[in-house]
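The values are calculated or read from the model by the stated rules, or taken from the named source; none is laboratory data. Owing to the predicted nature of the structure, the values given are computational and were not obtained by experimental measurement. Here the Cβ is made from the backbone with ideal geometry for all residues, glycine too, and neighbour counts use every protein chain on show. Protein only, heavy atoms only, side chains kept; ligands, DNA and RNA dropped before computing areas. Shrake-Rupley method; radii C 1.70, N 1.55, O 1.52, S 1.80 Å.
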Amino acid sequence: MKTSEFKKLMENGKLLNFQFTDGTFVPPHFHITEFGITSKNFIDCGGKIHSDKKATLQIWVSIDVEHRLNPKLVLSILNKVQPFMSSEDLDIEIEYQEKTLSIYQLEFVEDKFMLMPKDTACLALSTCGIPELKTESSFTMIASGNVCEPGGNCC
């Protein structure tokens with residue numbers, strides 16, 4: 001989801017629910033502790049230089065169970081940070097503290113913000129001598145009951 005779409009959903013929204021792909025929800029008393037730009041410059045294992053820039057929204061849950069955010073309040077937060085943000089329409093990533101900090105992609109489905117798992121992969125398959133595989137995402141494989149076995153050429 002791009003920042004422009006998120007902002008439009010805040011302008012028109014009534015509810016603010018974040019759901020994981022397993023059906024559970026971020027507790028409704030979450031806080032937004034950061035909204036910013038994350039830039040990453042890196043070299044892959046094949047020596048190619050990359051750069052990436054995302055809008056990052058950090059969600060945090062505390063013990064104040066009466067706390068609630070609504071779309072209009074989130075919109076006011078977005079408007080406050082707008083002067084410091086890039087004018088680019090960036091993809092949004094959600095940071096959420098679980099056992100460790102987890103990062104999710106964001107989608108909007110049936111009036112809910114879905115926290116979609118992110119996958120990692122080698123960016124230089126041919127350089128590393130790894131054949132390119134056409135496989136389902138790990139979430140799709142797990143959800144469909146397909147399990148990746150050692151030596152099964154799916155992981």
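For the structure I just gave you, tell me whether LYS40 is open to solvent by 70 Å² or more (accessible area, probe 1.4 Å) and within 30 Å of ALA121 (Cβ to Cβ).
The answer is yes for LYS40.
Of the residues that make up region 101-117, is at least one within 22 Å of THR38 (Cβ to Cβ), part of a loop (DSSP other than H, G, I, E, B), open to solvent by 80 Å² or more (accessible area, probe 1.4 Å) and modelled with pLDDT of 85 or more?
Looking for residues that are within 22 Å of THR38 (Cβ to Cβ), part of a loop (DSSP other than H, G, I, E, B), open to solvent by 80 Å² or more (accessible area, probe 1.4 Å) and modelled with pLDDT of 85 or more, one finds none in region 101-117, hence no.
Quick check on LYS54: is it touching a residue at least 12 places away in the same chain (Cβ under 8 Å), under 27 Å from SER126 (Cβ atoms), surrounded by 15 or more Cβ atoms within 10 Å (Cβ to Cβ) and of a type in the set (Lys, Arg)?
Considered against the rule, which asks whether it is touching a residue at least 12 places away in the same chain (Cβ under 8 Å), under 27 Å from SER126 (Cβ atoms), surrounded by 15 or more Cβ atoms within 10 Å (Cβ to Cβ) and of a type in the set (Lys, Arg), LYS54 comes out as yes.
Among residues belonging to region 1-11 that are open to solvent by less than 40 Å² (accessible area, probe 1.4 Å) and not aliphatic (A, V, I, L, M), point out the one that is nearest to LYS112 (Cα to Cα).
Ranking the candidates gives PHE6 first.
Mind checking which residues of region 85-95 are touching a residue at least 12 places away in the same chain (Cβ under 8 Å) and farther than 22 Å from PHE18 by Cα?
MET85, SER86, GLU88 - these are the residues of region 85-95 that are touching a residue at least 12 places away in the same chain (Cβ under 8 Å) and farther than 22 Å from PHE18 by Cα.
Which condition from (1) under 16 Å from ILE103 (Cα atoms); (2) in a loop (DSSP other than H, G, I, E, B); (3) among the small types (Gly, Ala, Ser) is the one that SER39 breaks?
(2)
Search region 12-34 for residues that are farther than 22 Å from SER76 by Cβ and open to solvent by less than 60 Å² (accessible area, probe 1.4 Å) and pair each with any residue that is aromatic (Phe, Trp, Tyr) and modelled with pLDDT under 95 when their beta-carbon atoms are under 7 Å apart and the residues are at least 6 apart or on different chains.
Listed pairs, sorted by first residue: THR21/PHE139.
If CYS45 satisfies all but one of (1) more than 26 Å from ASP111 (Cβ to Cβ); (2) exposed (fewer than 11 other Cβ atoms within 10 Å of the Cβ); (3) at pLDDT below 95; (4) not small (Gly, Ala, Ser), what's the number of the condition it fails?
It fails just one condition, (2).
Based on what the data block shows, is ASP44 touching a residue at least 60 places away in the same chain (Cβ under 8 Å) and out of contact with any helix residue (DSSP H, G or I) (no Cβ under 6 Å at 6 or more places or on another chain)?
Yes: the conditions hold for ASP44.
So how many residues does region 57-77 have that are in a strand (DSSP E or B) and open to solvent by 80 Å² or more (accessible area, probe 1.4 Å)?
Number satisfying all stated conditions: 1.
Given the condition assigned to a loop (DSSP other than H, G, I, E, B) and open to solvent by less than 40 Å² (accessible area, probe 1.4 Å), answer yes or no: does some residue in region 88-97 qualify?
There is at least one residue in region 88-97 that is assigned to a loop (DSSP other than H, G, I, E, B) and open to solvent by less than 40 Å² (accessible area, probe 1.4 Å).
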